[in-house]
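Each remark here refers to the structure printed beneath this line.
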Amino acid sequence: MNPSTILLRQIHPKFVQNGRPTSQAFRPTPKDEDKLSVYDGDQIQPQPSWEHYTAVLGLESKGVMGITLGECSALELSVTPDAATFAEHALIDFSGLTKSVIEKKAKLLAQSAVQRDWLYIPIQQI
């Protein structure tokens, strides 16, 4: 991965309002242990990542948005590959941050993703 690597984030339908993701889509939940799950865009494209997420993992996704490794680095969020989960998996680490700092950084990531726009939305979602 390099600074321009796009990290692909699956957006759960409940985190979409008026066709745009909320910052909640970019914030780890307590079960995530302060790490946000993404796909390494150097290893997989948006549509196949969505297909893997929904068909193989059996999870819900409205579509795929992206943020870059550089955008994470600018917010002092480290990104690490997590091939133990599956080959293209990576984690954005929010560990050690307060809830308010996590929310602020998630909001900034969401803004970057919205500027980039949806990278993939399945036809039935349009």
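The values are calculated or read from the model by the stated rules, or taken from the named source; none is laboratory data. None of these values were measured; they are calculated from a predicted model. Glycine gets a Cβ as well: all are built from the backbone with ideal geometry, and neighbour counts include every protein chain shown.
Checking GLY58 against (1) touching a strand residue (DSSP E or B) at 6+ places or on another chain (Cβ under 9 Å); (2) more than 22 Å from GLN111 (Cα to Cα); (3) in a loop (DSSP other than H, G, I, E, B), only one condition comes out false. Which one?
(1)
How many residues, within segment 12-29, are among the charged types (D, E, K, R) and either exposed (fewer than 12 other Cβ atoms within 10 Å of the Cβ) or without any contact (Cβ under 8 Å) to a residue 12 or more places away in the chain (or both)?
Our first condition is that a residue be among the charged types (D, E, K, R); within segment 12-29, this holds for 14, 20, 27.
Checking the rest, the ones that are also either exposed (fewer than 12 other Cβ atoms within 10 Å of the Cβ) or without any contact (Cβ under 8 Å) to a residue 12 or more places away in the chain (or both) come to 14.
Total satisfying the criteria: 1.
Mind checking whether some residue in segment 2-11 is modelled with pLDDT under 95, of a type in the set (S, T, N, Q) and closer than 21 Å to SER95 by Cβ?
No, that holds for no residue.
Please find, within segment 61-94, the residue that is nearest to LEU108 (Cα to Cα) out of those that are among the small types (Gly, Ala, Ser) and buried (at least 20 other Cβ atoms within 10 Å of the Cβ).
Going through the qualifying residues, I end up with GLY66.
What tally of residues in segment 24-55 results from selecting those that are in a loop (DSSP other than H, G, I, E, B) and within 15 Å of ARG116 (Cβ to Cβ)? Spell out the reasoning first.
Taking segment 24-55 and keeping what is in a loop (DSSP other than H, G, I, E, B), we get 27-29, 33-34, 41-45.
Still in the list and also within 15 Å of ARG116 (Cβ to Cβ): 41, 45.
Total satisfying the criteria: 2.
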